[in-house]
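For reference, the structure discussed in these notes is given below.
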Amino acid sequence: MANLKEVRNRITSVSSTQQITKAMKMVSAAKLKRATNAILQLRPYANKLRDILADVSASVEGSNSPFTVDREPNKVLIVVVSSNRGLAGAFNANAIKMTNNLIANKYAEQHAKGNLSIIAIGKKGYDFFSKRNFDVIANHSDLFSDLNFGSVSVVTEFIMEQFKEGNFDRVEVVYNQFKNAAVQELTAEQILPLLPPAEGNTQHTHKAKIEAEVDYIIEPSKEKIIEELIPKAIKIQLYKAVLDSNASEHGARMTAMDKATENAGDLLKSLKLSYNQARQAAITTELTEIVSGAAALSNG
């Protein structure tokens, strides 16, 4: 009977957990829809802004912007975008692992000299790196409570100012790029100094050169347009990374909760089978005891 009670308690516990995971899956699905709409709406704008910057800068010799100055990366800043909550599979662990690999493989010398700093966007990333004595100069976990371009721009403006003053020579952001609900692609992007818009894309470079030959009428000047576009492009780049990560988080959590619900169902089947077997064994034992008792009475 003790075994029956134990299995019955486990069935109740697993059933309760399954209800929670179902609810969390539905909540994540609703949040995923909103987050997906946000990133899908931003991407065309970000791509068009990059194209305009490429087209205009292709016909301008060099740039006087302080945000395109390529210095020796003696002092490095890494922006790690994670989440504030867990239960999202390997979502946070992967972002942290990629950051560690980036430091070990690319910026080990800077880290050894104490010239590597981290800005955490998300509580999980902040907790990990702050507990391991990394130089975490800021924590922006509150961004996800009201995620918008203005709040992320405040972070970007601080980073741009630090780069402009020479406190950092290179800034990279590590985040999960959203592909679909089940797939997130780990990405490390350099946001400062701003890379040439068409770097690594020969097709786009050729297109930009062709379009740059067109005699555009630009007011007040191409140089002024580039001066205005570069800070906006940097802000959009970080905002897109945060939106990508936000959508990826909800997709990862929805997938994890769906799998947890499915596993709970399999476990319930196994427990119910065990319960029925134990119950049958208990009934058989009781019947045997009754028959034996009756036999003993009749013989007596």
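The values are calculated or read from the model by the stated rules, or taken from the named source; none is laboratory data. Worth saying up front: this structure is predicted, and the values here are computed from it rather than measured. Because the Cβ atoms are built from the backbone with ideal geometry, glycine has one as well, and the counts that use them run over all protein chains shown. We work out accessible area using only protein heavy atoms, side chains counted, and drop any ligands, DNA or RNA first. Shrake-Rupley method; radii C 1.70, N 1.55, O 1.52, S 1.80 Å.
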From the Cα centre of segment 217-251 to that of segment 112-172, the distance in Å is 18
Which of LYS179, LYS97, LYS269 fluctuates most in a GNM of the chain (C-alpha springs under 10 Å)? That residue is LYS269
Checking PRO231, PRO193, PRO220 against a Gaussian network model of the chain (alpha-carbon springs below 10 Å), the top fluctuating residue turns out to be PRO220
Summing -39500 (n - 2.57) over every DSSP H run of at least 4 in the chain, dividing by its residue total and rounding to the nearest 500, the 222 nm mean residue ellipticity is -23000 deg cm²/dmol
Residue separation between LYS113 and ALA281 times 0.36 nm, minus their alpha-carbon distance, gives in nm 53.6 nm
Of the candidates LEU53, SER153, ASN9, the farthest towards the positive dipole end of the chain (Lys/Arg Cβ +1, Asp/Glu Cβ -1, centred on the Cα centre) is ASN9
Given unit charges at Cβ for Lys, Arg (+) and Asp, Glu (-), the dipole magnitude of segment 1-120 about its Cα centre in debye, nearest 20, is 960
Under a Gaussian network model of the chain whose springs join Cα atoms within less than 10 Å, the largest fluctuation of ASP51, ASP266, ASP70 belongs to ASP266
In vacuo Debye sum over C-alpha of the chain, base-10 log of normalised intensity I(q)/I(0) at q = 0.08, 0.09, 0.13 Å⁻¹, listed in q order, is -0.50, -0.58, -0.97
Contact order relative to length for the chain, counting C-alpha pairs under 8 Å separated by 6 or more residues, stands in percent at 32
Per the rule of 0.36 nm per residue minus the C-alpha distance, extending LYS22 to ARG132 adds in nm 36.1 nm
In terms of the alpha carbon gyration tensor, root eigenvalues a ≥ b ≥ c, rounded if a/c is under 1.5 and otherwise prolate when a/b exceeds b/c or oblate, segment 233-300 is prolate
Simple SL model, points at 7 angstrom along Cα→Cβ for VAL183 and VAL154; separation in nm is 3.7
Computed about the Cα centre, the charge dipole of the chain from +1 Lys/Arg and -1 Asp/Glu charges at the Cβ has a magnitude in debye, to the nearest 20, of 1480
Net charge (Lys, Arg +1; Asp, Glu -1) of residues whose beta-carbon lies under 11 Å from that of ARG8, ARG8 excluded, is +3
Neighbours of THR21 by Cβ distance under 12 Å: Lys/Arg at +1, Asp/Glu at -1, summed charge +2
Between LYS33 and ALA46, the two model label points (7 Å from Cα along the beta-carbon direction) sit apart by a distance in nm of 2.4
Rounded to whole angstrom, the alpha-carbon centroid of segment 62-91 lies from that of segment 278-292 at a distance of 69
To the nearest Å², the heavy-atom accessible area per residue of segment 1-151 with 1.4 Å probe amounts to 56
Expressed as a percent, the accessible surface of segment 59-198 that is carbon or sulfur, using a 1.4 Å probe and the full set of protein chains, is 48
For the chain, whose charge dipole is built from +1 on Lys and Arg Cβ atoms and -1 on Asp and Glu Cβ atoms, the candidate among GLN190, ILE78, ALA233 with its Cα farthest towards the positive end is ILE78
Taking Cα pairs closer than 8 Å and at least 6 residues apart, the relative contact order of segment 1-142 in percent is 20
Any DSSP H helix in the chain with Cα axial reach of 30 Å or more and mean Kyte-Doolittle score of at least -0.5? Listed by number, the hits are 2-57, 222-299
